[in-house]
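Down below is the structure, laid out as structure tokens.
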Amino acid sequence: MPPAPVSALRLDHSSADIIVSWVHDGDNVDHFEVWRSASDPFFSPGDPDVAGPFNVPAGTLDFSDPGAWTAAGNFYYLVRAVNAAGSSADSQRVGKFITSIVTG
């Protein structure tokens, strides 16, 4: 049976890095997969231009994406819990957005 999904996905930063963190009870998990899109907040793993999976060991509940905080553009993330039976449902998505205001 695949593991339960992660919850409370959160995005923070440390210096130039984005830190993605989550909550999981840890039961029945071999590792976590973090997926990232730079173009689509509604992406699915395996879509074109989606990076990942970035594998995170069981028991670790965060992922650091070096340089992503200061990089130009938007980044969207989701996390899955994985074991030998498969992966959980996708988490909700979180993102870093670059916006600008144009006066008119």
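The values are calculated or read from the model by the stated rules, or taken from the named source; none is laboratory data. The structure presented is a predicted model; accordingly, all values stated were derived computationally and were not measured. We place every Cβ from the backbone using ideal geometry, glycine too, and count neighbours over all the protein chains shown.
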>> Can you list residue pairs whose Cβ atoms sit under 6 Å apart, with the first residue in the range 72-94 being touching a residue at least 24 places away in the same chain (Cβ under 8 Å) and the second being crowded, with 22+ Cβ neighbours inside 10 Å and of a type in the set (Ser, Thr, Tyr)? Count only pairs 6 or more apart in sequence or on different chains.
In response: 76/37; 78/91; 79/91; 94/77
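Out of 57, 48, 41, 53, which single residue is exposed (fewer than 15 other Cβ atoms within 10 Å of the Cβ) and under 16 Å from residue 90 (Cα atoms)?
After applying the criteria, what remains is 41.
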> Does the range 14-32 contain any residue that is closer than 17 Å to residue 71 by Cβ and not in a strand (DSSP E or B)?
Replying inline: yes
>> Quick test of your reading of the structure: residue 68 fulfils all but one of (1) modelled with pLDDT of 95 or more; (2) buried (at least 18 other Cβ atoms within 10 Å of the Cβ); (3) closer than 22 Å to residue 8 by Cβ; (4) among the hydrophobic types (A, V, I, L, M, F, W, C). Name the failing condition by number.
In response: (1)
>> Name the residue that is surrounded by the fewest Cβ atoms within 10 Å (Cβ to Cβ), counting only residues in the range 71-104 that are within 11 Å of the chain's Cα centre (by Cα) and part of a loop (DSSP other than H, G, I, E, B).
In response: 92
>> Condition first: more than 20 Å from residue 84 (Cβ to Cβ), in a loop (DSSP other than H, G, I, E, B) and of a type in the set (Gly, Ala, Ser). Now tell me which residues in the range 47-68 satisfy that.
In response: 67, 68
